[in-house]
Structure formats: C-alpha cells, structure tokens
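The values are calculated or read from the model by the stated rules, or taken from the named source; none is laboratory data. Worth saying up front: this structure is predicted, and the values here are computed from it rather than measured. Virtual Cβ from ideal backbone geometry, glycine too; neighbours counted across all protein chains shown.
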Amino acid sequence: MTDFTAVKQNLEGRGYRVSAFSTAAEAAAYLNGTIDGVTVGFGGSGTLKEMGLFELLGAHNTVIWHWVQEAASARRAAMDTEVYLCSANALAETGELVNIDGAGNRVASTLFGHRKIYFVVGANKLCPTYEDAVFRARNVAAPQRARQLGAKTPCAVHADRCYDCKSPGRICRGLVTLWGPMMGMEAEVVLVDEALGN
C-alpha cells in the first residue's frame with residue numbers, strides 16, 4: 001500500500017485539493033458522482049481510458065475526447081469545456097506535477113481556460129523528488145507512449161530512454177511543470193493506489 005501522506009500534504013500546501021483512493025474503481029465512482037451536467041474535456045491519457053471514465057461521465061455530461069472523436073476538432077473543443085481531466089507523466093512527492101506533450105492541447109489545458117481541472121494519478125507516477133519526476137516523464141512515460149503510438153523515434157524502438165531526437169515523429173515537444181494550480185482555476189489531484197497509464 002502506497003503512503004500518500006507526504007505528497008498529499010505537499011500538494012495541499014501548494015493549493016491543490018487532494019483525494020486518495022485504494023482502487024481505480026473507487027476513484028472512478030468518486031469522479032462520476034462529483035462531475036455532473038457539465039462539459040468535460042479529456043487529455044490524452046491511458047489512465048482515464050483504463051478507468052472507463054469516458055463512458056461513465058458521458059452518461060450524464062457532454063464529454064469531448066480526441067481519442068474517440070475526430071482528433072483536430074475534439075482537441076480544440078476540449079479546451080473550451082468547464083471541466084478538464086488528465087493525468088500526469090510524473091508527480092514528485094514534493095508536489096510538482098510534470099507533463100510532456102506533443103500537440104500541446106493537454107498541457108495548454110492544465111494552464112488556462114477551465115473552471116476546474118482534475119489530475120488523476122496512479123501510484124506508479126509518484127517520484128521522490130522533482131528531478132526524479134522530470135526523469136520519469138522523459139525517460140519512462142514518453143518512450144512508452146511513443147512505442148504505443150508506433151512513433152518513428154529512437155525511444156519508440158527501444159522504449160528505454162529519451163534520445164532527445166530531432167525526428168519529425170517526436171511526441172515530446174514541450175514539458176510543463178506545475179508548482180501549484182494556476183490562478184483562477186480550481187485544481188484537484190486524485191491519487192489512486194494502483195498502477196495506471198504510462
């Protein structure tokens with residue numbers, strides 16, 4: 001069982017609301033009961049997919065996700081929703097959230113435009129320090145995602161580390177660190193004591 005005590009305290013000290021659950025099913029039930037009758041945007045996230053949140057929330061919200069709808073228009077429409085859900089490539093126990101993005105829609109939505117954002121983070125994303133979190137995002141999460149997408153990059157071939165390549169298929173084009181919620185946007189971190197996503 002993962003001890004979320006320190007990261008929860010550090011996140012709350014930075015201004016996040018934090019909830020923690022033993023299982024993905026419990027976290028999904030919480031989100032399904034909390035988010036109701038609003039427009040919801042999803043960032044690209046294996047975590048959200050594994051939890052079945054598109055189907056759950058779609059039963060009583062308008063949910064927009066470029067993984068199941070026409071990608072270009074869905075990315076833009078998701079940026080204009082009341083609520084946004086995504087995960088993080090890494091979360092430092094000290095409270096920093098780290099995300100890498102290729103198209104930019106996901107990281108842009110963590111920075112501006114929504115009434116509330118939820119970061120749903122599995123225990124596998126938790127790292128002791130900020131430096132470890134950046135390392136994980138670059139050398140674990142991004143190569144695994146590149147391989148899943150069939151990207152034509154060195155990291156996709158080996159899925160072992162970032163090669164800082166100049167490939168046209170590179171999916172890690174921007175890195176965003178959140179030291180706290182952005183002004184004017186409520187943010188909640190939903191911690192799940194299971195391995196979810198990359």
Every residue from segment 115-128 that is buried (at least 24 other Cβ atoms within 10 Å of the Cβ) and part of a helix (DSSP H, G or I): K125
Spans of strands (runs of 3 or more DSSP E) in segment 38-114 with at least 2 residues surrounded by fewer than 19 Cβ atoms within 10 Å (Cβ to Cβ): none
Where a residue in segment 158-185 is under 16 Å from N99 (Cβ atoms) and among the β-branched types (V, I, T) and its partner, wherever it lies, is surrounded by 13 or more Cβ atoms within 10 Å (Cβ to Cβ) and at pLDDT below 95, with Cβ under 6 Å and at least six apart: I171/G102; I171/A146; I171/A151
Single unsatisfied condition, A27 versus (1) in contact (Cβ under 8 Å) with a residue 24 or more places away in the chain; (2) loosely packed, with under 14 Cβ neighbours inside 10 Å: (2)
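Determine, yes or no, whether T94 is of a type in the set (S, T, Y), touching a residue at least 40 places away in the same chain (Cβ under 8 Å) and under 25 Å from A151 (Cβ atoms).
Details: of a type in the set (S, T, Y): yes; touching a residue at least 40 places away in the same chain (Cβ under 8 Å): yes; under 25 Å from A151 (Cβ atoms): no.
Against the criterion (of a type in the set (S, T, Y), touching a residue at least 40 places away in the same chain (Cβ under 8 Å) and under 25 Å from A151 (Cβ atoms)), T94 does not qualify.
Only one residue in L31, L48, L53 is closer than 15 Å to A88 by Cβ and modelled with pLDDT of 95 or more. Which one?
L48
For every residue, the table says whether it meets (1) surrounded by fewer than 16 Cβ atoms within 10 Å (Cβ to Cβ); (2) hydroxyl-bearing (S, T, Y); (3) modelled with pLDDT of 90 or more.
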site: Y130; (1), (2), (3): no, yes, yes
site: V134; (1), (2), (3): no, no, yes
site: A137; (1), (2), (3): no, no, yes
site: Q144; (1), (2), (3): no, no, yes
site: V157; (1), (2), (3): yes, no, yes
site: K166; (1), (2), (3): yes, no, yes
site: R170; (1), (2), (3): no, no, yes
site: G174; (1), (2), (3): yes, no, yes
site: L178; (1), (2), (3): no, no, yes
